[in-house]
Amino acid sequence: MALPLLPGFSINKNLSKDKFHKSQHFDYSNGVPMLVGSEKPGIGGELLLGQKHKQKYSLFPKGENSNAPSWVAFDKQVLCFDAFFQEVVPQSKEEKYRVRKCKIYFYLEDDTIQVVEPELKNSGIPQGTLIRRHRISLPHPNDDQFYNVHHFNINQEMVLYSRTFKIMDCDPFTRNFLRKLGVRLNPTASVPEDPYCNLRQEMEESMKPLRPYERQDTLKQFLDHDRNVLCFYCHWDDSESMFGDPRELIMHYFLADDTIEIREVIYPNSGRDATPKFLHRSRLPKHAPIPIHQPGEKTDRTVLNVFGPMGHGGRYILDSLKTGAVKEDFYKDRDLTFGSVINVWGRRVMICDCDNFTKAFYRTKYGVEDFTPVQYKAPPAPKPARPVPPYNGFGSEEDSLCSCQGLLPKPPQKDFKKLMEKDRQGLDSNVLRFVGKMETDNPIDKERVFIICFYLSDDTIAVFEPTQRNSGVIGGKFLERSRVKKPGQELFKSEKSEWFTVQDLYVGAQLLLNKQSFKLVDADEYAFNYMEQHVEEFPRANMGTILSKIKSISEDKKNQLLAMVSQGDTGMIQYEHFRSLLVATDCGLSEHEIMMLGRSYSEREQTEANMGMMLAVAQDQLRKKHFEAFAEMIRAFTHEDRNRTGLLPSKDVRTICKAFQLPLPDDLLRGILKRYEKESEEIDFHAFLSGINWREDPAPPVFAEDVLKFDVNWNGTPAGLAVRSVHYALMLEDVFGPRGTADKQS
């Protein structure tokens, strides 16, 4: 039973509402003002009369597609349809209608439509874009809605602005897209024939001649050889004319159109105006200059005769044999060869040379291999030597020479390449040290020992004197590091001075350093090794040259050397006896060559220190420096050991030790690493760290004299001879062969 409509019995529907706004019925869509309130609810979101509640979710499950907006999901995706429409042609007896083909593009990102008509030749009507891209509304009475993708199908008509278009076909992308949307496509339709187009086609076919005219197609040549230019270097001898002289020209041949351009090479201060071009780009005739032709004499085609009146209905034929046609020969690329003379409008220009591109072109096209240039000018005269003023005494000789080479004096340039190659690199010092003694009559100075250092980076020499106890002479620096001139040269002269080089320093050499004479009696191991490794710079260290000198001695001296070999001998001899024998035999060997020969066939004395003593000294120094980063070092070694073999190259182990600033002398660290090094030049870093770890594996204590054994300070006085004995039998076998020594023993 319903309640009566009385005060107090009615229900206020606004009691539970919290929204009282009105829906928006007008909005802009793609810049177009539109009425969008047909489906909007009333005040507070209540449905109006006739509206149905729109479900939030459809009856079908939600798909797996992305939630991207349409302008992102369908960006650059366009549906293309082939269509046509008929246009009535009034007041024409030749045609009643026209069939105009067009393409309809539907853009999926914003549902816009564009209609484009392909242009036809000589159509006489405006073609191209018929309808610009925008949204198009449906025909009346649904003009409040717009075309979407579901309105398109094949073999159906659609009205766009009162013009009926019929869709015939579509492209494969459009066909697949519509099928995925569930649209059942109709069969493909055909375009009706256009009577007027058929009539025009028949007229054009009737206008074509039965035989083709001569065709001059230069497009292919232009497309194949555009920007390809042959460059020739030419010579024009204009000496016969008044005030004429030989001239150099550059000729450019353009392969795109067979034209030639010539430019003149004008040198500075030549007295000629710098004209931009000697010959403008054009086709160059061979028989120039040519007479001027009369009007109508030179034409592309020759008319043979005319039939009928000179107007409508008249006909003419062309002369296929070109009787009376003017023929002109122009220069082609096949005419341009080395040594050939071309006629440039009466000037005889000779081709002398060309660039690399031109050579490659003639080699590929014509198979030319001889590109010998033509010499058209005398070789340049040698430049006179610039007189060098003598040294003026200010600064070095290089400074004085640089001040004479320009108005603004510049400092002399050093040989930075040699400096970077021969400068100190790690343990490689590139410094050769020799032991020298002073040549004098003073008995005290005769006993003085000097260390002569030669620096390979800048060819400088420094002399030091080690301190000797109770000698009465204060040691130290004897000669500052600098370049030293060779004796017997004038001070103020124009020629460059000669300086001592590394080839002037060898064992047995006599050096006059600043009026003080020295004799080199020995060298360190690094100097000997460096000379043996660079025999091209030190011929006295070349064993092939030394052995050839011994091999070229006389027969008596040869027998004297072979007399050393006795039956049952060990083949070994003391170095001093070996040296005395070579000096007495007079083989023509210098002191340095004898020493290098002894080193090559010697048995070195192995003066290796005790491994336990070296580790004890290392632990003692690490203990005093409070070095305890052994755990960090083992982690660093393990990180570098990629293969987990426990072995690392010697260079990597030394680098890690230097990175942790291991407080050990270089010689001691090098000696310890050498003992742990295996044949593969790798080190067991676990054993190495265990040996120097004074916390876990302490070594016996050491004394001060044990530590001093490893403080290396080479002062030119070796502890013992590195070469004790020489294998002379092996040397004689290498020089005279095994047969000569065997005959002597028998």
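Summary table below
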read-out: The chain shape via C-alpha gyration tensor axes, a/c threshold 1.5; value: oblate
read-out: Contact order normalised by residue count of the range 415-539, Cα under 8 Å, 6+ apart, percent; value: 24
read-out: The range 92-140 and the range 477-509: distance between their alpha carbon centers, rounded to Å; value: 97
read-out: Amide H within-cut-off set for residue 521, under 5 Å, with H built and near neighbours excluded; value: 435, 436, 437, 508
read-out: The chain: angle of helix 630-640 to the longest principal axis, Cα-based, in degrees nearest 10; value: 50
read-out: Given charges at Cβ of Lys, Arg, Asp, Glu: the range 377-427 dipole, positive-most of 378, 393, 419; value: 378
read-out: Dipole axis of the range 415-539 (+1 Lys, Arg; -1 Asp, Glu on Cβ), positive-most option in 530, 484, 502; value: 484
read-out: Of 619, 647, 680, farthest towards positive along the dipole that unit charges on Lys, Arg, Asp, Glu beta carbons give the range 611-709; value: 619
read-out: Mean separation of Cα contacts under 8 Å, 6 or more apart, over the residue count of the range 611-709: relative contact order %; value: 45
read-out: Under 22 Å from residue 101, Cα to Cα: lysines that are on another chain or at least 8 residues apart; value: 121, 166
read-out: For 16, 548, 602, order by how many other beta-carbon atoms lie within 10 Å, fewest first; value: 16, 548, 602
read-out: Whole-Hz couplings from phi, Karplus 6.51/-1.76/1.60, listed for the range 178-185; x for Gly and Pro; value: 5, 5, 5, 7, x, 7, 8, 7
read-out: Loop trypsin sites (Lys or Arg not before Pro), the range 186-283 (other Cβ atoms within 10 Å of the site Cβ: 15 or fewer; DSSP); value: 215, 227, 272, 277, 283
read-out: Computed label-point distance, nm, for sites residue 135 and residue 355 using a 7 Å Cα→Cβ extension; value: 6.1
read-out: Estimated dipole of the chain in Debye, rounded to 20 [Cβ of Lys and Arg +1, of Asp and Glu -1, Cα centre]; value: 3140
read-out: Coil-residue trypsin sites (Lys or Arg not before Pro) of the range 63-165, DSSP, other Cβ within 10 Å capped at 11; value: 76, 93, 121
read-out: Neighbour count of at most 14 Cβ within 10 Å plus DSSP loop: longest chymotrypsin sites (Phe, Trp or Tyr not before Pro)-free window in the chain; value: 493-659
read-out: Over 20 Å between alpha carbons, listed pairs 418/477; 383/418; 298/327; 624/674; 437/515; value: 418/477; 383/418; 624/674
read-out: Estimated 222 nm signal from helices in the chain, with DSSP H stretches of n ≥ 4 weighted -39500 (n - 2.57), rounded to 500; value: -7000 deg cm²/dmol
read-out: The range 665-695-the range 165-197 distance, computed between alpha-carbon centres (Å); value: 86
read-out: Modelled FRET efficiency - R0 22 Å, residue 652 with residue 611, Cβ distances, 0.05 increments; value: 0.50
read-out: Rotationally averaged projected area of the range 611-709 (alpha carbon convex hull; nm²); value: 6.0
read-out: GluC sites (Glu not before Pro) restricted to DSSP loop in the range 592-669 with at most 15 other C-beta within 10 Å; value: 605, 608, 628
read-out: Segment residue 416-residue 394, extension gain: residue separation times 0.36 nm, minus the distance between their alpha carbons; value: 5.5 nm
read-out: Alpha carbon Rg of the range 433-538, scaled by the compact-globule rule 2.2 N^0.38 Å; value: 1.14
read-out: Value of relative contact order over the chain, rounded to a whole percent, pairs C-alpha under 8 Å and six or more apart; value: 6
read-out: Degrees, to the nearest 10: 666-676 long Cα axis against longest axis of the chain; value: 80
read-out: Label-to-label distance, nm, for residues given as residue 345 and residue 103 (7 Å Cα→Cβ offset); value: 5.1
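Laboratory data are not the source of any read-out in this text; all were calculated from the coordinates shown. The shown structure was predicted, so the numbers you read here are calculated from the model rather than taken from an experiment. Cβ coordinates were reconstructed from backbone atoms using ideal geometry, including for glycine residues, and neighbour counts include every protein chain displayed.
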